[in-house]
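The values are calculated or read from the model by the stated rules, or taken from the named source; none is laboratory data. Small disclaimer: the values here were computed from a predicted structure and weren't measured. Glycine also receives a Cβ, built like all others from the backbone with ideal geometry; neighbour counts cover every protein chain displayed.
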């Protein structure tokens, strides 16, 4: 079988590892992580455009290397072939291997900021869409040069306000790390922010299941042609509903 896979670049290593081991032919396409920061509507529009590409090769299904991600998948339509998406609220659940494990960890560990190899490798080094359009992720000096002293300091304060809500940084280790450089960077970031550091064991289960076609209903949603993805506010995370357009 042949599948198309559209995935977030934050999950580059995990998805590439899964594709390398997949029993099927996979055409893979990565999207900038900055797409998340533009909001659900913009994310949905861009993903739908990529799903509907007229020049895309024929395949049996389009696989989404995404979680629901702030409702960014809500409303995506399966046209002539099925869509397949993991049942997860965000990429942390994907990296942990299940939404259940994330749901158990999160309430017991409030104030945790997560990092992974992908977030460290592709967060700061690449120019992201959101940074270009809003300035989010820029350094203080960059904002001052662009907007002036007062406005630059105000924007930097707003963009970094989230840091006050956290007290711990958790690095999710998946086993694909080439060495300790990413863990060391995460430790350094925790130290600079004055946060405690923790290393969590991740899982590649959902990535491998997605590209292998092992789409059990517990972990994946398969959307038939003529239906669309809809967000749910329960443990199932997403469901399929008939497209009204």
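Values for this structure:
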{"item": "For residue 44: the one exception among (1) within 16 Å of residue 203 (Cβ to Cβ); (2) under 17 Å from the mean Cα position of the chain (by Cα)", "result": "(1)"}
{"item": "Criterion: in contact (Cβ under 8 Å) with a residue 40 or more places away in the chain and in contact with a helix residue (DSSP H, G or I) (Cβ under 7 Å, 6 or more places away or on another chain) - qualifying residue of 5, 64", "result": "5"}
{"item": "Test for residue 67: is it out of contact with any strand residue (DSSP E or B) (no Cβ under 7 Å at 6 or more places or on another chain), in a loop (DSSP other than H, G, I, E, B) and surrounded by 15 or more Cβ atoms within 10 Å (Cβ to Cβ)", "result": "no"}
{"item": "Those residues of region 7-25 which are surrounded by 21 or more Cβ atoms within 10 Å (Cβ to Cβ) and within 19 Å of residue 78 (Cβ to Cβ), in sequence order", "result": "7"}
{"item": "Residue match in region 127-138 (condition: modelled with pLDDT under 95 and within 30 Å of residue 244 (Cβ to Cβ))", "result": "yes"}
{"item": "Condition met for residue 72 (out of contact with any strand residue (DSSP E or B) (no Cβ under 9 Å at 6 or more places or on another chain), in contact (Cβ under 8 Å) with a residue 12 or more places away in the chain, surrounded by 20 or more Cβ atoms within 10 Å (Cβ to Cβ) and part of a loop (DSSP other than H, G, I, E, B))", "result": "yes"}
{"item": "Residues that are exposed (fewer than 15 other Cβ atoms within 10 Å of the Cβ) and either closer than 15 Å to residue 116 by Cα or within 21 Å of the chain's Cα centre (by Cα) (or both), drawn from region 184-211", "result": "184, 188, 199, 201"}
{"item": "Residue tally, condition closer than 16 Å to residue 90 by Cα, at pLDDT 95 or above and not in a strand (DSSP E or B), over region 1-21", "result": "4"}
{"item": "Hits in region 166-224 (condition: in contact with a strand residue (DSSP E or B) (Cβ under 8 Å, 6 or more places away or on another chain), assigned to a loop (DSSP other than H, G, I, E, B) and more than 30 Å from residue 80 (Cβ to Cβ))", "result": "166, 167, 174, 195, 202"}
{"item": "Residue count for region 22-64, restricted to those that are in a strand (DSSP E or B) and over 15 Å from residue 210 (Cβ atoms)", "result": "1"}
{"item": "Residues of region 46-64 satisfying the condition of being under 16 Å from residue 8 (Cβ atoms) and either touching a strand residue (DSSP E or B) at 6+ places or on another chain (Cβ under 8 Å) or surrounded by 14 or more Cβ atoms within 10 Å (Cβ to Cβ) (or both)", "result": "46, 47, 48, 50, 51, 62, 63, 64"}
{"item": "Checklist (1) exposed (fewer than 14 other Cβ atoms within 10 Å of the Cβ); (2) closer than 23 Å to residue 4 by Cβ; (3) modelled with pLDDT of 95 or more applied to residue 181, failing item", "result": "(2)"}
{"item": "Selection count, region 228-245, where residues are surrounded by 19 or more Cβ atoms within 10 Å (Cβ to Cβ) and assigned to a strand (DSSP E or B)", "result": "3"}
